């Protein structure tokens with residue numbers, strides 16, 4: 001039977017691409033949303049505190065609501081059950097959101113993973129959906145796995161198709177969040193259909209080096225070299241000139257900085273103290289958040 005009172009899921013922000021790892025590399029971050037889901041009845045009730053309050057009135061079209069329903073139906077198939085209809089179409093949703101929306105920090109992936117884990121916890125046959133199946137569904141809903149993988153698994157993830165592996169990574173990062181938003185669809189629309197073979201080869205080498213540099217604790221100079229990108233950041237720069245300029249300034253000072261996801265947030269593999277010493281290079285207009293790579297992905301709290 002379903003859990004009385006519903007369940008609360010905590011989901012981390014994520015940063016994908018990390019420079020050269022386009023659509024494949026990602027990290028979970030110590031910035032989280034909390035989502036409470038209850039099932040029953042027919043209607044949809046949504047309460048949002050913090051980010052995303054402007055889309056709380058989407059009702060049946062709210063991403064978490066559609067994800068919960070898709071996950072319940074998927075679990076039905078996996079478990080050979082027919083519980084989704086019995087559980088009802090009604091969803092009561094309360095979100096305490098801290099992850100900025102449309103900034104490149106995985107807010108949509110967090111919503112998707114929260115909906116899937118809530119459905120898994122509430123469905124009597126939820127054990128039929130393991131993390132691999134959850135990742136497949138999340139990747140299908142999101143369209144790519146680079147953000148949903150670290151959100152679900154934590155740490156540093158390498159994703160391909162609808163699969164991923166997780167690596168331990170314990171280090172500080174700093175994210176610079178602007179007020180301006182940029183839709184992922186808009187950012188993807190700036191990418192060319194093809195890229196030069198030399199650029200693809202350069203990114204493949206740097207992505208492999210970046211994983212080694214981060215997990216092996218190599219020096220910042222190596223991380224700086226490894227985090228160079230030729231596949232997406234330059235093409236997207238016209239849509240986020242302030243982000244491109246900040247990255248240029250930080251990298252000139254030896255700070256490994258990249259676009260977070262589709263942007264416009266900037267992620268730097270560095271410490272808050274080093275950013276403080278480079279404050280003149282950062283400039284105004286940024287919300288600066290010292291964070292860490294989160295060792296744990298999404299979890300059911302109650």
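Evaluated against (1) surrounded by 24 or more Cβ atoms within 10 Å (Cβ to Cβ); (2) part of a loop (DSSP other than H, G, I, E, B), residue 124 falls short on exactly one condition, (1). Here is a check on your reading of the model: is residue 105 in the same structural domain as residue 35 (by TED's automatic domain parsing), surrounded by fewer than 24 Cβ atoms within 10 Å (Cβ to Cβ) and touching a residue at least 40 places away in the same chain (Cβ under 8 Å)? Against the criterion (in the same structural domain as residue 35 (by TED's automatic domain parsing), surrounded by fewer than 24 Cβ atoms within 10 Å (Cβ to Cβ) and touching a residue at least 40 places away in the same chain (Cβ under 8 Å)), residue 105 does not qualify. A single entry from 276, 229, 219 fulfils the requirement of being in contact with a helix residue (DSSP H, G or I) (Cβ under 9 Å, 6 or more places away or on another chain) and over 17 Å from residue 24 (Cβ atoms): 219.
Are any of the residues in the range 176-195 modelled with pLDDT of 95 or more, crowded, with 23+ Cβ neighbours inside 10 Å and under 26 Å from residue 102 (Cα atoms)? There is at least one residue in the range 176-195 that is modelled with pLDDT of 95 or more, crowded, with 23+ Cβ neighbours inside 10 Å and under 26 Å from residue 102 (Cα atoms).
Give me the residue from the range 143-158 that is out of contact with any strand residue (DSSP E or B) (no Cβ under 7 Å at 6 or more places or on another chain) and buried (at least 22 other Cβ atoms within 10 Å of the Cβ) and, out of that set, farthest from residue 20 (Cα to Cα). Restricting to residues being out of contact with any strand residue (DSSP E or B) (no Cβ under 7 Å at 6 or more places or on another chain) and buried (at least 22 other Cβ atoms within 10 Å of the Cβ), the top hit is 152.
The residues listed here are 217, 254, 261; of these, the one that is on the phi > 0 side of the Ramachandran plot and in contact with a strand residue (DSSP E or B) (Cβ under 7 Å, 6 or more places away or on another chain) is 261. Got at least one residue in the range 31-54 being more than 19 Å from residue 144 (Cα to Cα) and either free of Cβ contacts under 8 Å to residues at least 40 places away in the same chain or part of a helix (DSSP H, G or I) (or both)? For the range 31-54, residues more than 19 Å from residue 144 (Cα to Cα) and either free of Cβ contacts under 8 Å to residues at least 40 places away in the same chain or part of a helix (DSSP H, G or I) (or both): present.
Checking the range 208-215 against the condition returns a match, with at least one residue being over 20 Å from the mean Cα position of the chain (by Cα), surrounded by fewer than 15 Cβ atoms within 10 Å (Cβ to Cβ) and modelled with pLDDT of 95 or more.
Would you confirm whether or not the range 9-30 contains a residue that is within 22 Å of the chain's Cα centre (by Cα), assigned to a helix (DSSP H, G or I) and buried (at least 22 other Cβ atoms within 10 Å of the Cβ)?
Checked against the condition, which is being within 22 Å of the chain's Cα centre (by Cα), assigned to a helix (DSSP H, G or I) and buried (at least 22 other Cβ atoms within 10 Å of the Cβ), the range 9-30 yields no hits at all.
Within the range 158-205, the set of residues being assigned to a helix (DSSP H, G or I), touching a helix residue (DSSP H, G or I) at 6+ places or on another chain (Cβ under 7 Å) and within 16 Å of residue 26 (Cβ to Cβ) comprises just one member, 187. Yes or no: the range 95-105 includes at least one residue that is within 30 Å of residue 230 (Cα to Cα), modelled with pLDDT under 95, assigned to a loop (DSSP other than H, G, I, E, B) and in contact with a helix residue (DSSP H, G or I) (Cβ under 6 Å, 6 or more places away or on another chain). Yes: the range 95-105 contains one or more residues that are within 30 Å of residue 230 (Cα to Cα), modelled with pLDDT under 95, assigned to a loop (DSSP other than H, G, I, E, B) and in contact with a helix residue (DSSP H, G or I) (Cβ under 6 Å, 6 or more places away or on another chain).
Considering only residues of the range 218-248 that are touching a residue at least 12 places away in the same chain (Cβ under 8 Å) and exposed (fewer than 13 other Cβ atoms within 10 Å of the Cβ), which is nearest to the chain's Cα centre (by Cα)? Once the filter is applied, the top-ranked residue is 238.
The values are calculated or read from the model by the stated rules, or taken from the named source; none is laboratory data. Just so it is clear, the model here is predicted, and its values are computed rather than measured. Note that each Cβ is placed from the backbone with ideal geometry, even for glycine, and that neighbours are counted across all protein chains shown.
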